[in-house]
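Working notes for the structure below.
The values are calculated or read from the model by the stated rules, or taken from the named source; none is laboratory data. Fair warning: this is a prediction, and the values are worked out from it, not measured in the lab. Cβ placement follows ideal geometry from the backbone for every residue including glycine, while neighbour counts extend to all protein chains displayed. Ligands, DNA and RNA are excluded from the accessible area calculation, which covers all protein heavy atoms including side chains. Shrake-Rupley method; radii C 1.70, N 1.55, O 1.52, S 1.80 Å.
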Amino acid sequence: MSSLYAKPRFSVKALTAAIALSTFTLPAFAEDVEVLHWWTSGGEAKALQILKADLEKQGYGWQDLAIAGGGGDNAKTTLRARVLSGEPPTAVQMLGFSIQEWAEQGTLANLNELAAKNDWDRLVPPDLQRFSKYDGKWVSVPVNIHRTNWIWANKKIFDDLDLAVPTTFDELLAISDIIRKAGYIPLAHGGQAWQEATIFDSVVMSVGGPEFYQKAFVDLDLDALSSPTMVKVFDQMKAVRGLVDDNFSGRDWNIATAMVIRGDAAMQIMGDWAKGEFINAGKLPNKDFLCFEYPGTSGTFIYNSDQFAMFEVEDARKKAQLAMAQSVMDENFQEKFNIVKGSIPANLAVSPTNFDACGQKSMADLKDAVKKGTMFGSIAHGHANQAAIQGAIVDAVTDHFNSSASSETAAKTLVSLVQGAM
Ligand code: GAL
């Protein structure tokens with residue numbers, strides 16, 4: 001007979017044994033890494049899972065500090081709070097000049113011993129080392145190279161409407177007209193400041209070319225920044241604004257990518273993390289989607305590289321930190337990770353063989369751009385300037401994109417905001 005009061009059918013001895021066994025079988029990690037990042041979209045999370053699994057295999061646990069918000073604006077705020085409270089995470093996803101700024105504060109670890117043992121000086125492109133190293137010390141580990149001057153397109157819409165890949169901005173406008181008349185949205189866009197700035201990277205390059213990009217946005221030459229070319233850049237931004245739907249405001253970038261994947265919209269101007277979303281949805285390049293450079297930017301490569309900045313942590317956490325740093329630079333890991341993430345490896349030893357057509361194109365284009373001197377850091381993603389300047393540019397761009405201000409006014413605002421941030 002069974003009742004609530006019936007004598008239990010297990011003995012204390014058996015229960016103790018069961019508890020001991022369950023403790024034994026639970027994954028028990030002697031040490032953890034705590035990682036702050038903003039990889040929360042489907043494709044991003046899948047890529048990150050590869051790193052988690054890699055570390056778990058080596059016996060290290062993963063404490064996830066995921067702060068949603070593409071481009072990492074929210075993550076930056078959390079990081080500041082953690083460092084101020086004296087408890088920095090083990091590793092933090094970080095871009096470009098921010099790494100240097102945190103290193104300047106004396107908050108980052110010295111990874112030189114590991115770097116020397118694993119030959120990082122030879123394996124990492126000099127353009128990335130410039131951010132990974134501070135004062136001769138490796139402080140951060142690059143995991144990828146992303147490119148921002150891409151357009152991602154729905155192949156079926158292009159095929160059905162018999163559209164050719166546009167090579168000039170006028171051609172982009174002409175096909176957009178056809179796309180709209182056929183009932184689709186020409187451009188999927190998410191109205192967030194960093195996404196507008198991501199488009200701006202391409203528009204600056206397309207309108208002004210590499211020399212202008214360098215002068216105005218790397219050297220911050222005020223004549224270039226206030227030149228008639230700058231006004232033309234804002235004209236083109238306004239024309240791009242005309243290609244988006246009415247509901248773009250506040251939309252996340254991956255929701256915009258989903259519009260292209262579903263075939264509601266024909267194109268998205270976005271870095272190749274967008275490819276991670278297509279791949280995650282089971283879509284293939286040249287079968288389901290197309291990747292091509294923003295018109296007028298072919299031959300150039302606008303990059304941003306995600307790095308894991310390693311914070312100075314107490315001794316008990318150092319072993320796990322070094323294991324993570326080593327795994328991030330590992331050739332096999334970088335191949336697997338970047339195939340899923342949409343980016344290309346930061347470790348030059350990785351072969352292009354297993355990458356898809358867009359990845360292989362990116363790797364070849366990068367080589368070519370390095371040779372020609374046309375590889376440039378992304379303005380939007382903190383690889384062209386210090387954070388304060390980057391912020392000033394992003395503000396000017398998004399203000400103009402979301403208002404009826406003239407291009408002349410926008411160019412003037414840009415100059416005064418940049419001057420104020422200098
Ligand atoms: C970028 C980052 C990419 C991607 C994107 C959207 O700043 O470099 O890896 O995650 O944000 O979240």
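Quick test for you: out of A239, A224, pick the one residue that is surrounded by fewer than 24 Cβ atoms within 10 Å (Cβ to Cβ) and without any contact (Cβ under 8 Å) to a residue 24 or more places away in the chain.
A224
Here G271 meets each of (1) assigned to a loop (DSSP other than H, G, I, E, B); (2) away from the ligand (no atom under 16 Å from the Cβ) with one exception, condition (2). Checking each residue in the stretch 30-44 for being without any contact (Cβ under 8 Å) to a residue 40 or more places away in the chain and surrounded by 15 or more Cβ atoms within 10 Å (Cβ to Cβ) picks out only T40.
Under the condition of being within 13 Å of V33 (Cβ to Cβ), part of a loop (DSSP other than H, G, I, E, B) and within 16 Å of the ligand (Cβ to nearest atom), the residues counted in the stretch 298-323 number 0.
Annotation: M329 fulfils all but one of (1) more than 15 Å from the ligand (Cβ to nearest atom); (2) open to solvent by 40 Å² or more (accessible area, probe 1.4 Å); the unmet one is (2).
Annotation: of all residues in the stretch 68-90 being touching an Asp or Glu at 6+ places or on another chain (Cβ under 8 Å) and not polar (S, T, N, Q), the one that is least open to solvent (accessible area, probe 1.4 Å) is P89. Restricting attention to the stretch 238-258 and to residues that are part of a helix (DSSP H, G or I) and within 16 Å of the ligand (Cβ to nearest atom), the residue that is nearest to H381 (Cα to Cα) turns out to be W253. Among the residues making up the stretch 357-370, those that are open to solvent by 40 Å² or more (accessible area, probe 1.4 Å) and over 22 Å from S132 (Cβ atoms) are A357, Q360, K361, A364, D368. Can you say whether D121 is free of Cβ contacts under 8 Å to residues at least 40 places away in the same chain and under 30 Å from K181 (Cα atoms), as far as the supplied structure shows? Criteria not met by D121. For the stretch 127-156, a residue qualifies if it is small (G, A, S) and open to solvent by less than 10 Å² (accessible area, probe 1.4 Å), and the qualifying residues are S132, S140, A153. Selection of the stretch 375-422 for residues being assigned to a loop (DSSP other than H, G, I, E, B) and aliphatic (A, V, I, L, M) yields I379, A380, A384, A405, M422. At least 1 residues being among the small types (G, A, S), farther than 14 Å from F308 by Cα and over 14 Å from the mean Cα position of the chain (by Cα) is the threshold, and among the strands (runs of 3 or more DSSP E) wholly inside the stretch 29-111 those reaching it are 60-66. Among the conditions (1) touching a Ser or Thr at 6+ places or on another chain (Cβ under 9 Å); (2) open to solvent by less than 50 Å² (accessible area, probe 1.4 Å); (3) more than 14 Å from the ligand (Cβ to nearest atom); (4) over 19 Å from S206 (Cα atoms), D395 misses just one, which is (2). Picking from residues in the stretch 50-67 that are in contact (Cβ under 8 Å) with a residue 40 or more places away in the chain and within 15 Å of the ligand (Cβ to nearest atom), the one that is surrounded by the fewest Cβ atoms within 10 Å (Cβ to Cβ) is I50. Scanning the stretch 316-351 for residues being modelled with pLDDT under 95 and among the hydroxyl-bearing types (S, T, Y) gives a total of 0.
Going through the stretch 267-294 one residue at a time, which ones are out of contact with any Lys or Arg (no Cβ under 9 Å at 6 or more places or on another chain) and surrounded by 21 or more Cβ atoms within 10 Å (Cβ to Cβ)? Residues satisfying the conditions are M267, Q268, I269, M270, A274, F278, Y294. Selection of the stretch 324-373 for residues being charged (D, E, K, R) and part of a loop (DSSP other than H, G, I, E, B) yields D330, D356.
Residues that are touching a Leu at 6+ places or on another chain (Cβ under 7 Å) and surrounded by fewer than 16 Cβ atoms within 10 Å (Cβ to Cβ) were ranked within the stretch 166-188; the one that is nearest to K361 (Cα to Cα) is I178.
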